[in-house]
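A short write-up of the structure that comes next.
The values are calculated or read from the model by the stated rules, or taken from the named source; none is laboratory data. Here the structure is a predicted model, which means the values were calculated and not measured. Every residue, glycine as well, gets a Cβ built from its backbone with ideal geometry; the counts of neighbours run over all protein chains shown. Surface accessibility is based on the protein's heavy atoms, side chains included, excluding ligands, DNA and RNA. Shrake-Rupley method; radii C 1.70, N 1.55, O 1.52, S 1.80 Å.
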Amino acid sequence: MSTPLTDAELVARCRDGDESAWRELVERFSRYVYAIAVQGFRLPEHDAEDIFQEVFARTYQRLGELRDNAAIKPWLAQLTRNLCLDRLRETARTQPTDEELTPSGFDDTLSQLDDAMTVREALNEPCADLLDRFFSRDESYKTIGEELELPAGTIASRLSRCLAKLRQQLEGRISSSGPSGV
């Protein structure tokens, strides 16, 4: 199994014209961009889909403007934010300011989305699927076990190992990035 590309490596490949890297970039950040539009700005689904398309079209056109390949995530977040604000301005009767258009709690929502992306990136595929089934889809040990053809006890022990591995990876990231001030 190959090691996943870092964001910087992925962007470098995109800049080199690697089409599979473009597909991976869109897949890696698609939920993030869509969530900013829907959860952060509370746009209707059809507007969020338009924003999603525009973000990745502009990313394709303007990736050369990105100064640091590793900064793709905040760059996409800012691009998404700007397009959402533009959309809200288009639909408003008067021309409100950015501050008036940005929903209260937006920074907290964006922080939560960043945390969710960090967790998602830290998971390998078997753990990601198992934790998604248990926590996001609220499936029981029994249901997961039936679908994976494993005993419920095995599911419980694998969940425990996956959570321990996730904790270790995330604590490693936090300690390597220095104190967070929390």
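Sorting 31-37, 147-153, 110-116 by their mean Cβ neighbour count within 10 Å, with the most densely packed peptide first, gives 31-37, 110-116, 147-153. The residues of region 1-63 expose on average 60 square angstrom of accessible surface per residue, using a 1.4 Å probe on protein heavy atoms. Taking a sphere under 15 Å around the Cβ of I155 and counting the other residues whose Cβ falls inside, with K and R at +1 and D and E at -1, yields a net charge of -2. Once C-alpha pairs closer than 8 Å and six or more residues apart are averaged by separation and normalised to the residue number of region 1-63, the relative contact order reads 24 percent. Once the C-beta distance of R67 and R167 is scaled by a Förster radius of 30 Å, the resulting FRET efficiency is 0.30 to the nearest 0.05.
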